[in-house]
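J.: Can you read through this structure? Questions will come right after.
The values are calculated or read from the model by the stated rules, or taken from the named source; none is laboratory data. Note that the structure is a prediction, hence the values are computed from the model and not measured. Virtual Cβ from ideal backbone geometry, glycine too; neighbours counted across all protein chains shown. Heavy atoms of the whole protein, side chains included, go into the accessibility calculation; ligands, DNA and RNA do not. Shrake-Rupley method; radii C 1.70, N 1.55, O 1.52, S 1.80 Å.
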Amino acid sequence: MEHVLKVSHVEKIYGKGANTYKALEDISFTIEPGEFVGVMGPSGAGKSTLLNVLATIDSPTSGDILIEADNIAKMKEEKLADFRRDHLGFIFQDYNLLDSLTVRENILLPLAIAKRPAKEIQEKVMTMAQTFGIENLLDKYPYQISGGQKQRTASCRALVSNPKLIFADEPTGALDSKSATDLLESLSSLNLEQEATIMMVTHDAYAASFCRRILFIKDGRLSKEMIRGNHTRKEFFQLILDELAYIGGDGHDLV
Ligand SMILES: Nc1ncnc2c1ncn2[C@@H]1O[C@H](COP(=O)(O)OP(=O)(O)OP(=O)(O)O)[C@@H](O)[C@H]1O
Ligand SMILES: [Mg+2]
């Protein structure tokens, strides 16, 4: 099996009857183990819809979505909840941390739910916290830390159970540029060193330049693919800017 994710002819139609909107049309692509893939496209193109459908948060109208051997497009809701918990990781723009739990407790939650041994939990939490540079914050509460630190906490939580696939929707959207860079560098090193497979939606060319491959969506369809190959991150950044200028990306996203 070569793929972590294999998407075939996925379509998503919102609404019913006369009042329908086709948000995704005939989307097909594959993600291999250890890839770091970006999804870009204008506002309203269908990026979040695609991510939500692939991440089992929403269901496709038609098409197949294989995560390794499991077709999640055909899976029943109760099985999906287990599948999501056991195999997928999520990083959202607004962190989704639990305010009543410490950073440590937030991070270990998926392992506690999975009933992993205490020693393993402790070790995993420490490894993740070190990767993301928040080992000194483990006993603080979310209201005591910055936005960037919250997002690094959320990322640790998403990754602590070694998910097959990590989905991130605009993870740097609410961060200042220093925090965004820290987060992107941590995600890159996880991708390179632990071969985490990551799919990240972003409208930001700088964030996208950390990916190895970018899928562009326009009007609900895949319009182009860019591969970083041997380019440096900076060169790739410039190529993405050129592409956005060509297809008419939002000007304010280009700074
Ligand atoms: N629940 C819904 N019901 C009806 N239409 C929806 C729904 N969610 C999204 N849409 C529509 O589907 C299209 C794609 O939305 P989506 O949120 O996927 O865009 P996006 O590419 O993530 O945009 P942005 O960059 O602004 O986040 C939009 O036209 C949107 O209005
Ligand atoms: Mg979106």
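J.: Across every pair of different alpha-carbon atoms, what Kirkwood hydrodynamic radius in Å does segment 122-255 reach?
T.: Final number for the Kirkwood radius of segment 122-255 is 15.9 Å.
J.: Do any of 6/178; 47/79; 16/164 go past 29 Å between their Cα atoms, and which?
T.: Correct reply: 6/178; 16/164.
J.: Residue-wise, which Karplus ³J(HN,Hα) couplings in Hz belong to segment 7-15, taking 6.51 cos²θ - 1.76 cosθ + 1.60, θ = phi - 60°, and x for glycine or proline?
T.: Those phi angles translate into 9, 10, 6, 7, 10, 10, 10, 8, x Hz.
J.: Check the straight Cα-Cα distances from residue 124 and name the lysines below 16 Å, setting aside those fewer than 8 residues away within the same chain.
T.: Partners within reach: 115.
J.: At residue 126 and residue 64, where each label point lies 7 Å from the Cα along Cα→Cβ, what is the point-to-point distance in nanometres?
T.: My value for the distance between the label points is 4.5 nm.
J.: Right, something else. Just the Cα atoms of the chain: what Rg and Dmax do they give in Å?
T.: 18.1, 57
J.: Would you mind working out the accessible area per residue for the chain, using a 1.4 Å probe, and quoting it in Å²?
T.: On a per-residue basis, 49 Å².
J.: Another question about this same structure. Among 152-161, 210-219, 16-25, how do they line up from the highest to the lowest mean number of other beta-carbon atoms within 10 Å?
T.: Listed from highest to lowest mean packing, they are 152-161, 210-219, 16-25.
J.: Within 10 Å, count the other beta carbons around each residue, average over each peptide in 85-92, 133-140, and list them highest first.
T.: Those peptides, ordered most packed to least, come out 85-92, 133-140.
J.: How big, on average over all directions, is the shadow cast by the Cα convex hull of segment 20-167, in nm²?
T.: Taking the Cα atoms of segment 20-167, their convex hull projects to 10.4 nm² on average.
J.: Could you calculate the contour length gain from residue 16 to residue 223, that is, 0.36 nm times the residue separation minus the distance between their Cα atoms, to one decimal place in nm?
T.: 71.9 nm
J.: So, by mean Cβ neighbours within 10 angstrom, what's the order for 101-108, 75-82 with the highest one leading?
T.: In decreasing order of mean packing, 101-108, 75-82 become 101-108, 75-82.
J.: First select every other residue whose beta carbon is under 10 angstrom from the beta carbon of residue 141; then total the charges, Lys and Arg +1, Asp and Glu -1.
T.: Once positives and negatives cancel, what remains is -2.
J.: To check you understand DSSP bridge types, tell me what percent of the beta bridges within the chain (both residues inside) are antiparallel, rounded to 5.
T.: In the chain, DSSP labels about 55 percent of beta bridges as antiparallel.
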